[in-house]
Amino acid sequence: MKVYVIGAGAAGMMAAINAAEKGHEVTIIEKNEKLGKKLFITGKGRCNITNDCDRETFFDNVISNKKFLYSSIAGLDPRATEDFFERLGLKLKIERGNRVFPISDHSSDVISTLKKEIDRLGIKVMLNSELTDIKIIEDRYILVLNNKKEIEAQRVILCTGGRSYPSTGSDGGADHFGELLSIKHTKLEPSLVPLTVREEYVKKLQGLTLKNVELTLKVKDKILYNSLGELLFTHFGLSGPLVLSASCHLKEDETNGAKIYIDLKPALDEKKLDERLLSDFSKYSNKQFRNALSDLFPASLIPLMIELSDIDPYKQVNLVTKKEREKLRKLIKSLEFTVTGNRGFDEAIITRGGISIKEIDPKTMRLKKYEGIYVAGEMIDVDAYTGGFNLQIAWSTGALAGRSI
């Protein structure tokens, strides 16, 4: 069969390879000037290929519609993905959090590995070509390109990605093709994205990284996310692994006004923290309050904690009252920020939303409405936490779509 894969990202290249392995005549249509343009920048240019975990752990890290992915992951799970790349000659390594990278630390090596396999299988590649329309005539599909050229296809696999990092050509294909094919598609929103906050004092903390803290995200007193980990203060607000993960649970229409609470000492309950404060104050009993906090906080955080505690920085620490100590203790356990928004698709790692899973057969990735059109990758309404899980979704759904033809 003549199979056309639309998009040469992770899902598209994997779909093309799997379809070609079944003997089909495969062509990739890519709007950019090269393959894997977005893949090139993933993992800060190192490409976090997948996560070296079992299937149960993988599904624990999927946020939206995890059951939809059961068949695709059964066909190509994280360990099988590692085997696939190593079989093609790409040497891999496993880092903190079981994140898998090419041993060279170059995403270009991942792309070149896929390119060699594409060439070996005789897959044709059409670069600088964008699909603008699909005309459906009985069981044939006429693909209309941006140069008005028309191509007849027997099968089509749509892998046009999301809307994050638009400079790589991601322009929300789920919206375009959802409307074009009259299929349901949910709103596209930035996800795994830094958050902006109302408090001006956050700028004083710019560049500070806090490790082993606990973040709680609330909307109208309802807890949406709670976890331990690492976060980063920026000139606009908050970023880092904890914040990016929290953003996955925050819909755009409820972002403004959401609250983030940071527990700076999650290992200590209120009683033990009070004992710790008393111990530190005793240790520095002859010093001023401003000089008695170096064991508790990073240097750049101390001025803010003094400011928010309303304790006179020049007060002898042995004169700090029980009431003042209580306020400081509550501040440590719940440093509060009010969310005003996020940094948008330009800084979002992934896109939330896309083609509704109700429109897709999860065992084949075929659109239920059409005999010969399949979808894969980020344009589907599935998403996961950071750590290689989203790329795994792309590999797995792409492979299933290609195999199913």
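A few remarks follow.
- Looking across the range 190-207, the residues that are open to solvent by 20 Å² or more (accessible area, probe 1.4 Å) and at negative phi come down to Thr196, Arg198, Glu199, Glu200, Tyr201, Lys203, Lys204, Gln206.
- Test: residue in the range 250-273 that is in contact with a helix residue (DSSP H, G or I) (Cβ under 6 Å, 6 or more places away or on another chain), touching a residue at least 40 places away in the same chain (Cβ under 8 Å) and of a type in the set (A, V, I, L, M, F, W, C): yes
- Pairs are defined by a Cβ separation below 9 Å, a sequence spacing of at least 6 or placement on different chains, a first member in the range 78-103 that is farther than 23 Å from Glu56 by Cα and open to solvent by 10 Å² or more (accessible area, probe 1.4 Å), and a second member that is among the β-branched types (Val, Ile, Thr) and outside any helix (DSSP H, G or I); the pairs so defined are Leu90/Ile49; Leu90/Ile103; Lys91/Ile103.
- Residue list for the range 174-197, restricted to those being within 20 Å of Met365 (Cβ to Cβ), modelled with pLDDT of 90 or more and of a type outside the set (D, E, K, R): His176, Phe177, Gly178, Leu180, Leu181, Ser182, Ile183, His185, Thr186, Leu188
- Meets criteria (under 22 Å from Thr364 (Cα atoms), open to solvent by 20 Å² or more (accessible area, probe 1.4 Å), among the charged types (D, E, K, R) and not in a strand (DSSP E or B)) for Asp171: no
- Here Asp221 passes the criteria (1) within 16 Å of Leu335 (Cα to Cα); (2) of a type outside the set (Ser, Thr, Tyr); (3) surrounded by 14 or more Cβ atoms within 10 Å (Cβ to Cβ) except the one numbered (3).
- Test result for Ser356, surrounded by 24 or more Cβ atoms within 10 Å (Cβ to Cβ) and farther than 19 Å from Met1 by Cα: no
- With respect to (1) of a type outside the set (Val, Ile, Thr); (2) farther than 21 Å from Thr196 by Cβ; (3) touching a helix residue (DSSP H, G or I) at 6+ places or on another chain (Cβ under 8 Å); (4) surrounded by 13 or more Cβ atoms within 10 Å (Cβ to Cβ), the lone exception for Leu231 is condition (2).
- Set Gly344, Gly387: member being part of a loop (DSSP other than H, G, I, E, B), open to solvent by 10 Å² or more (accessible area, probe 1.4 Å) and at positive phi: Gly344
- Hey, Asn256 within 29 Å of Tyr314 (Cα to Cα), in a loop (DSSP other than H, G, I, E, B) and at pLDDT below 95 or not: no
- Checked against the criterion of being modelled with pLDDT under 95, of a type in the set (A, V, I, L, M) and either under 18 Å from Ile350 (Cβ atoms) or open to solvent by less than 20 Å² (accessible area, probe 1.4 Å) (or both), the range 40-50 has at least one qualifying residue.
- Within the range 203-214, residues that are within 11 Å of Ser300 (Cα to Cα) and touching a residue at least 60 places away in the same chain (Cβ under 8 Å) have Cβ atoms under 8 Å from residues that are open to solvent by less than 20 Å² (accessible area, probe 1.4 Å) and part of a helix (DSSP H, G or I) in these pairs: Lys204/Leu304; Leu205/Leu304, counting only partners at least 6 apart in sequence or on another chain.
- Tally of residues being assigned to a loop (DSSP other than H, G, I, E, B), at pLDDT below 95 and either out of contact with any strand residue (DSSP E or B) (no Cβ under 9 Å at 6 or more places or on another chain) or of a type in the set (A, V, I, L, M, F, W, C) (or both) across the range 150-168: 1
- Scanning the range 306-323 for residues that are in a helix (DSSP H, G or I), of a type outside the set (Val, Ile, Thr) and under 41 Å from the mean Cα position of the chain (by Cα) yields a count of 3.
- Which listed residue is in a loop (DSSP other than H, G, I, E, B), more than 35 Å from the chain's Cα centre (by Cα), surrounded by 18 or more Cβ atoms within 10 Å (Cβ to Cβ) and modelled with pLDDT of 95 or more, from Leu293, Leu277: Leu293
- For the condition crowded, with 16+ Cβ neighbours inside 10 Å, within 30 Å of Tyr225 (Cα to Cα), in contact (Cβ under 8 Å) with a residue 60 or more places away in the chain and over 30 Å from the mean Cα position of the chain (by Cα), Leu335 does not qualify.
The values are calculated or read from the model by the stated rules, or taken from the named source; none is laboratory data. Values in this document were obtained by computation on a predicted structure and should not be read as measured data. Cβ sites come from the backbone with ideal geometry, for glycine too, and all protein chains shown count toward neighbours. For accessibility, only protein heavy atoms count, side chains too; no ligands or nucleic acids. Shrake-Rupley method; radii C 1.70, N 1.55, O 1.52, S 1.80 Å.
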